[in-house]
Amino acid sequence: MRQEKNNIFADVDWLLIFIYIILIGFGWMNIYAASKTAEVNDVFNFTTKYGKQMIWIALCIPVIVTVLFFNSKFYEQFASILYFIAVLSLLLLFVFGKEINGAKSWFNFGVMGLQPSEFAKSCTALAVAKLMSDRLYNLDLIKNQIKAFIIIFLPAFLILLQPDAGSALIYFSFFFVLNREGLTIRYILLGIGLILGFLLTILYGKTITIISLLVVLTLFIGLMVYQQGSRFLRFQWYKVILSYILVAGYIFVVNFTYNSVFKQHHRDRFEVLLGLKVDTKNIGYNTYQSELTISSGGAWGKGFLKGDITQGNFVPEQHTDYIFSTVGEEWGFLGSTLVIVLFIALIYRIIALAETNPNKFGRIYGYGVASILFFHLFVNVGMVIGLLPTVGIPLPFISYGGSSLWGFTILLFIFIRLDAHKSYDW
Amino acid sequence: MQRSLLLYFFVGLTGVIFIGRLFQLQIIRGAQYDEMNNATVKTEFVYPERGYIYDRNGKLLVANQVSYDVMVQPNRVKTIDTLEFCKLLKIDKEEFLKRFRKAERYATYLPSVFLKQLAKEDFAYLQEKLHKYQGFFIQKRIIRNYPIKAAANVLGYIGEVNEEKARKSKYYQQGELEGKDGVERQYEQFLRGKKGKRYLRRNNLNRVTGSYKNGMYDTLPVNGKDLKLTLDIELQQYAQKLMKGKRGGIVALEPSSGEILALVTAPSYDPNMLVGRQRSRNSVILFKDSINKPTYDRGLSAVYPPGSPFKMMNALIGLQENAITEYSRFTCYGGYRYGNREHEFMRCHCDIYGRPISLKTAISRSCNSYFSNTYKRIVEKDNDPKEGLNNWNKHVTSFGLGNYLGYDLPSGQKGLIPDGNYYDRRYRYAWNASTNISNAIGQGEVLTTPIQLANFTAAIANRGYFYTPHIVKEIDNKKIDNPKYTVPKRTTIDSKHFEPVIEAMHEVFKTGTGKWSRIKGIEICGKTGTAENFTLVNGFKEQLDDHSILVAFAPKENPKIALAVFVENGGYGSTIAAPITSLVIEKYLNGEISARNKYREEQMLNLSLEEVYQKLLPKIEDLETREE
């Protein structure tokens, strides 16, 4: 085994780092635009949001150096311990956590707070990679599938209890990782089917949904019978009956959950999104305002610091979850498309690098990183442009917040470290 | 299938969907985005100064004055030294608390008026001290000011635009002021000018953070235009003084132009009453007075039977239609019998019994018989009363009677000049001149307003034509050029027929019913009138005291003034309306009242009909309760 070079930046993927720097720099400009006021706008004022973000960006350098300093083997060997620490910190939140906006998601260290859930993502990705990179690991076995599910959903469950449903949702992104490693796509198709059933029930009510779904199912079975003859029914009859029961049962459960378990504000979010309710003042206000803000940017945008809706603080949480609306207003279609393209380039590059990684651990971890980033992009931007319901998760590298910035930096740079190592023999 | 493709696919698909959505939002919807009309831009209006109003001689009638209101925004008020503050505002603590609570009830986060219209000296002192009292500030307002306390009915007043109009109008916003009556209302478009607009940037707390794009889209206000009225304010004031204690109206016109020299309604009010602190209290007093109706312009809107002055109209029509000639004579036997039954007899007070009466004498002595005969001849000329009456109607309406005159003031009435159809409906085709013989002497169905009658007189003075009466002479120093007011309107009577009538009207003030009011050196032509008027009390027609009426113009040649005077329930035309007319004419033509006529002035100024009106009151009240 050859010695690694002493230079920690040797063989790192500069394209990833380049995109990372652009996103962070551009992100800071938008945070500045969204959080400066007419009275307080000097760049080096560290009591402001943009000032604090600048400190956290600066502190990313030691974080990156530290991440790159460790040998790539270190991450493989210590994955379990890092995962354990992450789970422990999530548990400790219930004891020492500080409650903000009704959720115990933060450790408070006086001058600053840390949000363990932002770091738990990287640790979970490491743990999943560690589990599945084992030579003897075979995902076809249900036992192994369950192991993976436990590793993934333990932190998700703890985060859900905080409660922070948005951050917990992100753990669904690991399905892509599992699928890549052999888990059948049916899980994803099933997931899509369940979501579809859910939406149909809300939109058209349970009776119509059940009848139409059963009609579709019957047609499908008819097709199978037509193709395979009557023996299809002879051998698969129990599956046919079961599928009828499951479909009907699921719709009933959804209907019950939606009307009796969900609170009114949950229902409102869905109804506003699905256009069942027009609302520009209360729950719909965020989405309405952010859509309006983005629209007002037009093709070329109003220019840096010239977005009057942003400058007037009309969009709530604009420096955090709704930062993309600032991009839309001040940089227009050009700027917002560029951000989307940069993210896609980043994710594609990670997938491509992961695919070429001879080491299974590195590949699986890389897949995890790509999936997590993709899910964040999907949920956050989808919400801001009014395609998805309001779910409060940050846009990676761009949204305001130290924990999320460091969390994503660590997530990405561990991958860069693993990737840089691939040219060496293992 | 290569497993890595799935994530590639989903990421790519998401990218396409997102960019498509952004295209929809920013390119398609963005094109419709109105940057001026959204929550981030606050539009503020900059108000122009309202135009001034002058009389025909350049005397200032309506000006603007600055008034200062103390405003309060309750949620910004910090604990203050109430005692000192009350001293500053010259109110007591109870008053302070009352007003403050009222403001709080309105809205704690919005400014509202705390104390209206400070005196100027209070303002100067308060301005220095006010910074100590957070939440209180001073707002400048511009209000109207009337240096001369007259002609309220002509000038009108300004007030807040009503809610519905503000909603429908493109120009007015809630709370803005507009002309509500008189010239202020009629010439609103000229007087108000044009508002300027200022666009300001504001934030989510509705706080203004600066100008919008450095005022690129701002517009400057355009000040209102000044008006010069045709009114002679001295004459107006004098006529108003003469009408004190009476009810009625005086309308004085310049025959050669149709300009309104004076337009008096009595009782009237001081225009300053509808400005300033006492405004709301005063408007209750003025608008709720259903007995005196001080805001009702009797000169324009009161319809009276014209009485004897209408005899000139029948004389003119008779001459035009060859029903009579200027030499025609009729004999009067103390009245005119229009039917065979006992009561079908119209009495006459000309006191010339059994001798043929000439046209001149008939007018100067106001003979009823003469004009009844004339009227019958006109109407039954071709043995077709309907056609005859329609023809008569055509002549009468050519003087502007029976319809809106078209003057430039916002109130008025049509009056009534009946035609054949009117009586066909009323009497089911069974009628003739005798049925409506009262029209001969202006007493029947005929109804006119004082300004119509003044215009009729001006048309006589002009020997056959008139200019539509109007109140505005110049707008922004430019003479009005609306052909409606600058092109004369011809009547259907040839001018040669006017001379005998004018001679007769001249005789009125020489030897006739107006002789006691003649003025040495001024040749007045006129006609007195005494209009009977009735009201229904408990279902019975009851006669009230007669209205005293007079129409006149002077001098006989090149007339300078034509006027109509109505004094409600004033009795004979010769006793009240005639002396008032002669005083107004003398004042206008000579500028002052000569010593020998001072007694007349004294008499008229001191004459009050209040007692008569008090007597009428129960009758009218009876009537009103009955109507309910």
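Only sites in a loop by DSSP and with at most 13 other Cβ atoms within 10 Å count here; which GluC sites (Glu not before Pro) in the range B:285-351 make the cut? Don't skip to the answer; put the middle values down first.
Details: sites: B:E321, B:E326, B:E342, B:E344; in loops: B:E321, B:E326, B:E342, B:E344.
Qualifying residues, ordered by number: B:E342, B:E344.
Arrange A:W14, B:W392 by Cβ neighbour counts within 10 Å, fewest through most, would you? Kindly include the intermediate steps, with their values, before the conclusion.
Numbers: A:W14 10, B:W392 27.
Least crowded to most crowded, the residues run A:W14, B:W392.
To the nearest 0.05, how large is the calculated FRET efficiency for A:L161 and B:R101 if R₀ is 56 Å and r is the Cβ-Cβ distance?
About 0.65, to the nearest 0.05.
Taking H as built 1.01 Å from N, whose amide H comes closer than 5 Å to the amide H of B:I576, not counting residues under 5 places away?
Distant-sequence amide H within range of B:I576: zero hits.
Answer rounded, prolate or oblate for the range B:43-229, using the Cα gyration tensor with square roots of eigenvalues a ≥ b ≥ c: rounded when a/c is under 1.5, else prolate when a/b is larger than b/c, else oblate. Walk me through the numbers before you get to the answer.
On the way: a/c = 2.07, a/b = 1.36, b/c = 1.52.
Here the range B:43-229 falls in the oblate category.
Taking Cα atoms, how many degrees apart are the long axis of helix B:120-129 and the longest axis of chain B, rounded to 10 and kept between 0 and 90?
Once rounded, the angle reads 10 degrees.
Using +1 at the Cβ of each Lys and Arg and -1 at the Cβ of each Asp and Glu in chain B, identify which of B:F100, B:N292, B:Q32 lies farthest towards the dipole's positive end.
Farthest towards the positive end: B:Q32.
Going toward the positive end of the dipole of the range B:1-135, with +1 on Lys and Arg Cβ and -1 on Asp and Glu Cβ, which of B:Y54, B:L88, B:G20 do you reach last?
The residue sitting most towards the positive pole is B:G20.
Arrange the following residues from fewest to most other Cβ atoms within 10 Å of their Cβ: A:S117, B:S364. Provide the component values of the computation, followed by the final result.
Working: A:S117 28, B:S364 25.
Fewest to most other Cβ atoms nearby, the residues stand as B:S364, A:S117.
Cα-based Rg of the range A:45-188 per 2.2 N^0.38 Å, rounded to two decimals? List each step's numbers first, then the result.
Details: Rg = 17.3 Å, N = 144, 2.2 N^0.38 = 14.5 Å.
Output field value: 1.19.
Quick one: among A:W406, A:W300, A:W331, which has the greatest mean-square fluctuation in a GNM of chain A with alpha-carbon springs under 10 angstrom?
So, out of A:W406, A:W300, A:W331, the one fluctuating most is A:W300.
Could you pull out the longest piece of chain A with no exposed loop trypsin sites (Lys or Arg not before Pro) in it, calling a site exposed if DSSP puts it outside H, G, I, E, B and it has at most 12 other Cβ atoms within 10 Å?
On the way: sites that count: A:R2, A:K5, A:R135, A:K263, A:K281.
Value returned for the longest uninterrupted segment is A:282-426.
Kindly give Rg over Rh for the range B:368-443, based on alpha-carbon atoms, with the Kirkwood expression for the hydrodynamic radius. Display every interim value, and only then the final one.
On the way: Rg = 13.5 Å, Rh = 13.2 Å.
Value, to two decimals: 1.03.
Find how many whole Å separate the alpha carbon centroid of the range B:71-117 from the alpha carbon centroid of the range A:224-241.
Between the Cα centre of the range A:224-241 and that of the range B:71-117, the gap is 85 Å.
Does the range A:19-114 come out rounded, prolate or oblate, given a ≥ b ≥ c as the square roots of the eigenvalues of its C-alpha gyration tensor, rounded meaning a/c under 1.5 and, failing that, prolate meaning a/b above b/c?
Details: a/c = 2.88, a/b = 1.36, b/c = 2.11.
Verdict is oblate for the range A:19-114.
Treating only the Cβ of Lys, Arg, Asp and Glu as charged (+1, +1, -1, -1), what charge dipole size does the protein assembly as shown show about its Cα centre? Round to the nearest 20 debye. Before the final figure, lay out each step's value.
Numbers: 123 positive and 94 negative charges, 193 e Å.
In debye, rounded to 20, the protein assembly as shown gives about 920.
Using the number of other C-beta atoms within 10 angstrom as an exposure proxy, rank B:M505, A:M54 with the fewest first. Walk me through the intermediate numbers first.
Values: B:M505 29, A:M54 18.
The fewest-first ordering by Cβ neighbours comes to A:M54, B:M505.
B:Q134 label point, 7 Å along Cα→Cβ, cut-off 19 Å on backbone N: hits in the range B:200-222?
Only B:205-208 fall inside the zone, counting backbone N under 19 Å.
Peptide A:307-315: average number of partner chain Cβ atoms within 10 Å per residue? Please list the in-between numbers first.
Numbers: counts 1, 11, 6, 1, 5, 12, 5, 6, 1.
Whole-number average of other-chain Cβ neighbours for A:307-315 is 5.
Points 7 angstrom from Cα along the Cβ direction at B:I17 and A:F78: gap in nanometres?
Between B:I17 and A:F78, the simple spin-label model gives 3.9 nm.
Determine the relative contact order of chain A: mean sequence separation of Cα pairs under 8 Å and six or more apart, normalised by residue count, in whole percent.
Values: 531 pairs, mean separation 112.7, N = 426.
Relative contact order of chain A: 26 percent.
Among A:379-389, B:438-448, how do they line up from the highest to the lowest mean number of other beta-carbon atoms within 10 Å? Write out the running numbers ahead of the final one.
Values: A:379-389: 21.3, B:438-448: 23.5.
Listed from highest to lowest mean packing, they are B:438-448, A:379-389.
May I ask which of B:K496/B:K556; B:K311/B:K394; A:K49/A:K121 have a Cα-Cα span longer than 18 Å here? Write down the numbers at each step before the final one.
Values: B:K496/B:K556 15 Å; B:K311/B:K394 16 Å; A:K49/A:K121 25 Å.
Distance filter (> 18 Å) returns A:K49/A:K121.
Please compute the alpha carbon radius of gyration of the range A:95-150, then divide it by the globular-protein estimate 2.2 N^0.38 Å. Two decimals is fine.
Working: Rg = 16.7 Å, N = 56, 2.2 N^0.38 = 10.2 Å.
With N residues counted in the range A:95-150, Rg over 2.2 N^0.38 Å equals 1.65.
Using Cα pairs closer than 8 Å and at least 6 residues apart in sequence, work out the relative contact order for the range B:43-229, in percent.
Details: 331 pairs, mean separation 60.7, N = 187.
Worked out over the range B:43-229, it gives 32 percent.
Please report the Cα spread of the range B:307-421 along all three principal axes, rounded to whole Å, starting with the longest.
Result, largest extent first: 49, 31, 30 Å.
What nm value, rounded to one decimal, do you get for the distance between A:L194 and B:N606 when each label is placed 7 Å out toward the C-beta?
Each label point lies 7 Å from its Cα, and together they span 10.8 nm.
If you take each beta carbon of peptide A:383-393 and count the beta carbons of other chains within 10 angstrom, what is the mean?
Working: counts 0, 1, 7, 2, 4, 0, 0, 0, 0, 0, 0.
Mean shielding by partner chains, rounded to a whole number: 1.
From a point 7 Å beyond the Cα of B:R277 in the direction of its Cβ, which residues of the range B:53-97 have a backbone N at a distance under 13 Å?
B:68-70, B:89-92
Relative contact order, percent, of the range B:233-627 when contacts are C-alpha pairs under 8 Å separated by at least 6 residues? Could the numbers behind the result be given before it?
Details: 839 pairs, mean separation 78.5, N = 395.
Normalised by residue count, the contact order of the range B:233-627 is 20 percent.
Of all the C-alpha pairs in the protein assembly as shown, what % are more than 58 Å from each other?
Working: 256839 of 554931 pairs.
Cα-Cα pairs of the protein assembly as shown separated by over 58 Å account for 46 percent.
Taking a threshold of 24 Å on the Cα-Cα distance, which of the pairs A:K306/B:K197; B:K42/B:K129; B:K244/B:K360; B:K168/B:K484; B:K197/B:K479; B:K168/B:K228 fall above it? If you can, show how the numbers build up before the last one.
Values: A:K306/B:K197 22 Å; B:K42/B:K129 30 Å; B:K244/B:K360 34 Å; B:K168/B:K484 30 Å; B:K197/B:K479 31 Å; B:K168/B:K228 31 Å.
In this structure, B:K42/B:K129; B:K244/B:K360; B:K168/B:K484; B:K197/B:K479; B:K168/B:K228 lie more than 24 Å apart at Cα.
Using a Gaussian network model of chain A with C-alpha springs under 10 Å, which one of A:F415, A:F262, A:F361 is most mobile by mean-square fluctuation?
A:F262
Given the DSSP H assignment, sum -39500 (n - 2.57) over each helix run of at least 4 residues in the protein assembly as shown and divide by its residue total; what's the result at 222 nm in deg cm²/dmol, nearest 500?
Value at 222 nm, helices only, nearest 500: -15000 deg cm²/dmol.
Quick one, can you get me the convex hull of the C-alpha atoms of the range A:191-261 expressed as volume per residue in Å³?
On the way: hull volume 6.0 nm³, N = 71.
So the per-residue Cα hull volume is 84 Å³.
Rounding to the nearest 20 debye, state how big the charge dipole of chain B is about its Cα centre with +1 on each Lys and Arg Cβ and -1 on each Asp and Glu Cβ.
Computed charge dipole of chain B: roughly 2060 debye.
Quick check: from the Cα gyration tensor, does the range A:172-223 come out rounded (a/c under 1.5), prolate or oblate? Show your work: numbers first, answer last.
On the way: a/c = 6.38, a/b = 1.72, b/c = 3.70.
Cα axes put the range A:172-223 in the oblate bin.
Averaged over A:32-42, how many beta carbons belonging to a partner chain fall within 10 Å of each residue's beta carbon?
Details: counts 0, 0, 0, 0, 0, 2, 5, 1, 0, 0, 0.
Counting Cβ atoms of other protein chains within 10 Å of each residue's Cβ and averaging gives 1.
Read the figures in this text as sums done on the coordinates, not as results from a lab. What you see is a predicted model; the values in this text were computed from it and never measured. Don't worry about glycine lacking a Cβ; one is built from the backbone with ideal geometry, like all the others, and counts go over all protein chains shown.
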